[in-house]
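The values are calculated or read from the model by the stated rules, or taken from the named source; none is laboratory data. All figures in this text were calculated on a predicted structure; none of them were measured in a lab. Virtual Cβ from ideal backbone geometry, glycine too; neighbours counted across all protein chains shown. For the accessible areas, the whole protein counts, side chains as well, though only heavy atoms, and no ligand, DNA or RNA atoms are used. Shrake-Rupley method; radii C 1.70, N 1.55, O 1.52, S 1.80 Å.
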Protein chains: 2
Amino acid sequence: MTIGIVGLGRMGLSIAWRLRQAGHTVIGFDFSPEACAQAQEIGVDVVDTVATVAQKARILWLMVPQGQPVDDVLSSCKQNFQAGDIVIDGGNSYFRDSIRRHTELAKLQIFFIDCGTSGGLHGRDLGYCLMVGGDEHVYKKLIPLFQVISAPDGYAYMGPSGTGHYVKMVHNGIEYALLESYAEGFHMLKEGEFKNLDLEKISHVWQNGSIVRSWLLNLAHEIFKQDQNFEKISGSIGENKTGQWTVDEAHQEHIPVPMIEKALAIRAWSRESGGNYATKLVALLRHQFGGHPVKKLN
Amino acid sequence: MTIGIVGLGRMGLSIAWRLRQAGHTVIGFDFSPEACAQAQEIGVDVVDTVATVAQKARILWLMVPQGQPVDDVLSSCKQNFQAGDIVIDGGNSYFRDSIRRHTELAKLQIFFIDCGTSGGLHGRDLGYCLMVGGDEHVYKKLIPLFQVISAPDGYAYMGPSGTGHYVKMVHNGIEYALLESYAEGFHMLKEGEFKNLDLEKISHVWQNGSIVRSWLLNLAHEIFKQDQNFEKISGSIGENKTGQWTVDEAHQEHIPVPMIEKALAIRAWSRESGGNYATKLVALLRHQFGGHPVKKLN
């Protein structure tokens with residue numbers, strides 16, 4: 001098949017790579033010349049404008065920042081859309097935006113699919129987890145692509161338009177809370193009653209048979225192998241909007257999410273204060289799985 | 001080797017089973033006739049008194065409730081202890097108690113090892129995660145036993161007396177927070193904006209390639225396969241003391257652990273109020289991994 005990808009950053013490029021590995025034709029666009037050069041190296045047909053992608057491909061995968069950029073891309077492509085085209089938003093868009101876009105594009109007979117994409121940097125090699133919302137018959141048509149992009153059994157239809165991004169939003173809310181939960185524990189091990197505990201060893205033994213074993217714990221172990229002191233980095237944790245949306249939606253829906261809320265508040269505090277050992281670990285974990293930047297201290 | 005096990009409940013019996021499978025001789029004692037009968041079936045030499053275990057075995061594994069029961073067992077065994085005997089406390093004892101017992105027994109030339117044991121019901125087949133504190137030369141002597149009881153690579157020396165139970169205490173604190181974090185997310189998926197999301201499907205797709213994949217998520221998936229409504233159970237969550245100890249220690253050590261603290265407070269609230277969808281899931285997860293009882297509603 002021929003797939004157009006708009007946005008060739010970390011995730012977009014990895015998806016292009018997986019599609020190319022499976023022999024699909026990929027048309028790509030990004031504003032960054034570096035990203036374009038990298039895409040060309042893996043055989044992506046890089047074009048000069050967003051509109052050209054929509055001209056050359058009947059299936060469009062968007063991997064751009066949420067909000068206005070998604071609407072901008074859709075508006076740039078409008079002239080080249082054809083009835084029956086499929087647009088997949090693989091980014092962290094707000095699910096209500098996705099529902100609106102689905103409705104707007106439906107008027108032009110364009111199908112819009114919201115696809116929550118989890119897996120970060122490791123997704124290129126291991127495959128992604130894809131949470132897909134939108135018209136089910138369109139989802140079914142796209143299964144051969146999802147199979148290539150996802151980890152084994154790592155794609156599923158969540159429901160009507162918006163559900164893919166809703167489930168991904170909640171996934172991210174959980175992720176915020178999990179990260180902070182592990183980090184607090186390691187903070188206690190590092191600075192608590194015993195001063196010489198070996199976090200590399202502890203994170204390793206916990207991977208084998210303990211109740212808390214997980215992929216995030218594996219990543220923590222990789223971090224502790226390199227360093228356990230974190231002296232040269234700030235504990236300031238960045239974020240995208242998904243955590244805040246999760247909390248806002250929960251409030252609106254009268255569902256208590258105190259853990260996710262607390263994890264979000266700690267991130268805000270960490271950016272004001274520089275954080276502590278725990279938030280340094282969270283920042284490093286985000287770097288480890290998503291390539292998110294970690295602030296260096298002077 | 002010959003190992004005596006005091007306490008043949010869920011965990012003690014599983015450890016006996018793993019030792020028996022590996023051809024070791026196990027002397028056992030429990031107050032419950034049912035536990036004794038089950039132990040006999042797997043070839044444990046069940047004896048009539050605690051003291052008899054200490055008479056017949058030079059290595060003692062304790063799997064009894066924390067606190068006074070541990071001291072009672074040690075006191076009952078005292079008459080039959082021999083210099084050089086090794087006592088391993090595999091339960092969820094308070095690490096300061098373990099340090100005290102280590103000191104007291106050292107005076108009798110008895111070695112005391114504190115061994116945090118994680119893995120729950122599944123440990124019997126998959127092996128446990130063992131966090132071991134105490135004298136390192138004694139730890140080394142016990143490695144052949146730890147290898148049999150643990151999951152592959154699932155045992156490690158944490159440090160001097162008390163560190164094994166300290167690390168296990170923090171492990172449990174993290175566990176409290178992780179459980180509640182997942183549960184909040186699933187609560188939002190169940191009762192939030194979209195009413196027909198399939199939690200069985202979501203928990204399954206998240207296992208494959210997502211950032212939040214973990215062993216607890218696998219267990220949640222097993223639960224959702226059976227039921228997603230939880231209508232007939234209470235959301236009251238039980239607990240042992242490890243969560244409270246974690247929070248108390250953290251306060252004493254001036255380390256903020258707001259996530260663990262919140263998870264602990266939610267458990268207390270759940271017992272007063274009957275909880276909500278999230279706490280029902282936590283109760284079911286605890287049942288799933290540890291066999292902890294779930295209250296039925298009438």
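Look at the stretch A:104-131 and say how many of its residues are hydrophobic (A, V, I, L, M, F, W, C), surrounded by 23 or more Cβ atoms within 10 Å (Cβ to Cβ) and within 14 Å of chain B (Cβ to nearest Cβ). Adding up the residues that qualify gives 4. Out of all the residues in the stretch A:123-138, which are under 14 Å from B:ILE211 (Cβ atoms) and part of a loop (DSSP other than H, G, I, E, B)? Across the stretch A:123-138, the qualifying residue is only A:GLY127. Could you please let me know if A:HIS204 is modelled with pLDDT of 95 or more and either over 30 Å from B:TYR155 (Cα atoms) or under 24 Å from the mean Cα position of the chain (by Cα) (or both)? No; evaluated as a whole, the condition is false for this residue. None of B:SER234, B:SER270 is over 30 Å from A:HIS122 (Cβ atoms) and touching a residue at least 60 places away in the same chain (Cβ under 8 Å) except B:SER234. For the subset of the stretch A:84-103 comprising residues that are free of Cβ contacts under 8 Å to residues at least 60 places away in the same chain and among the aliphatic types (A, V, I, L, M), which member is nearest to the other protein chains (Cβ to nearest Cβ)? Filtering first and then ranking leaves A:ILE88.
The one condition from (1) touching a Cys at 6+ places or on another chain (Cβ under 8 Å); (2) surrounded by fewer than 24 Cβ atoms within 10 Å (Cβ to Cβ) that A:PRO160 does not meet is (1).
Taking each residue of the stretch A:274-298 that is touching a residue at least 60 places away in the same chain (Cβ under 8 Å) and over 20 Å from A:GLY173 (Cα atoms) and looking for partners that are among the β-branched types (Val, Ile, Thr) and surrounded by fewer than 24 Cβ atoms within 10 Å (Cβ to Cβ) with beta-carbon atoms closer than 8 Å, six or more apart or interchain, yields A:VAL294/A:ILE233; A:LYS295/A:ILE233; A:LYS296/A:ILE233; A:LEU297/A:ILE233.
Looking across the stretch B:73-85, just one residue is open to solvent by 50 Å² or more (accessible area, probe 1.4 Å) and of a type in the set (A, V, I, L, M, F, W, C), and that is B:ALA83. If the condition is being away from chain B (no Cβ under 13 Å) and either among the polar types (S, T, N, Q) or over 27 Å from A:PHE95 (Cα atoms) (or both), then the stretch A:225-238 contributes A:LYS225, A:GLN226, A:ASP227, A:GLN228, A:ASN229, A:PHE230, A:GLU231, A:LYS232, A:ILE233, A:SER234, A:SER236. Within the stretch B:178-199, the set of residues being modelled with pLDDT of 95 or more and more than 7 Å from chain A (Cβ to nearest Cβ) comprises B:LEU179, B:ALA183, B:PHE186, B:LYS190, B:ASP198, B:LEU199.
Of all residues in the stretch B:254-298, those satisfying the criterion of being in contact with a helix residue (DSSP H, G or I) (Cβ under 7 Å, 6 or more places away or on another chain) and among the small types (Gly, Ala, Ser) are B:ALA263, B:SER270, B:ALA278, B:GLY290, B:GLY291. When the stretch B:11-32 is filtered for residues that are among the charged types (D, E, K, R), open to solvent by less than 50 Å² (accessible area, probe 1.4 Å) and in a helix (DSSP H, G or I), only B:ARG18 remains. For the stretch A:256-281, the candidate set comprises residues that are facing chain B (nearest Cβ under 8 Å) and farther than 16 Å from B:ALA263 by Cα; within that set, the residue that is most open to solvent (accessible area, probe 1.4 Å) is A:ASN276. Note on the stretch A:10-30: residues that are over 18 Å from A:VAL87 (Cα atoms) and at pLDDT 95 or above total 7. With respect to the stated conditions, A:VAL70 is at pLDDT 95 or above and open to solvent by less than 10 Å² (accessible area, probe 1.4 Å). Within the stretch A:144-177, how many residues turn out to be touching a Lys or Arg at 6+ places or on another chain (Cβ under 8 Å) and at the interface with chain B (Cβ under 7 Å from one of its Cβ atoms)? Counting residues in the stretch A:144-177 that are touching a Lys or Arg at 6+ places or on another chain (Cβ under 8 Å) and at the interface with chain B (Cβ under 7 Å from one of its Cβ atoms) gives 3. Tell me, yes or no, whether the stretch B:227-234 has at least one residue that is farther than 20 Å from B:GLU175 by Cβ, more than 21 Å from the chain's Cα centre (by Cα) and assigned to a helix (DSSP H, G or I). Among the residues of the stretch B:227-234, not one is farther than 20 Å from B:GLU175 by Cβ, more than 21 Å from the chain's Cα centre (by Cα) and assigned to a helix (DSSP H, G or I), which makes the answer no. Put simply, of B:GLU175, B:GLU200, B:GLU191 the only residue that is buried (at least 21 other Cβ atoms within 10 Å of the Cβ) and not assigned by TED's automatic domain parsing to the domain that holds B:SER93 is B:GLU175.
Taken over the stretch A:200-209, the residue count meeting the criterion of being facing another protein chain (nearest Cβ under 7 Å) and either acidic (Asp, Glu) or touching a Pro at 6+ places or on another chain (Cβ under 7 Å) (or both) is 1.
When only residues in the stretch B:239-255 that are more than 11 Å from chain A (Cβ to nearest Cβ) and open to solvent by less than 10 Å² (accessible area, probe 1.4 Å) count, which is nearest to the chain's Cα centre (by Cα)? Filtering first and then ranking leaves B:THR242.
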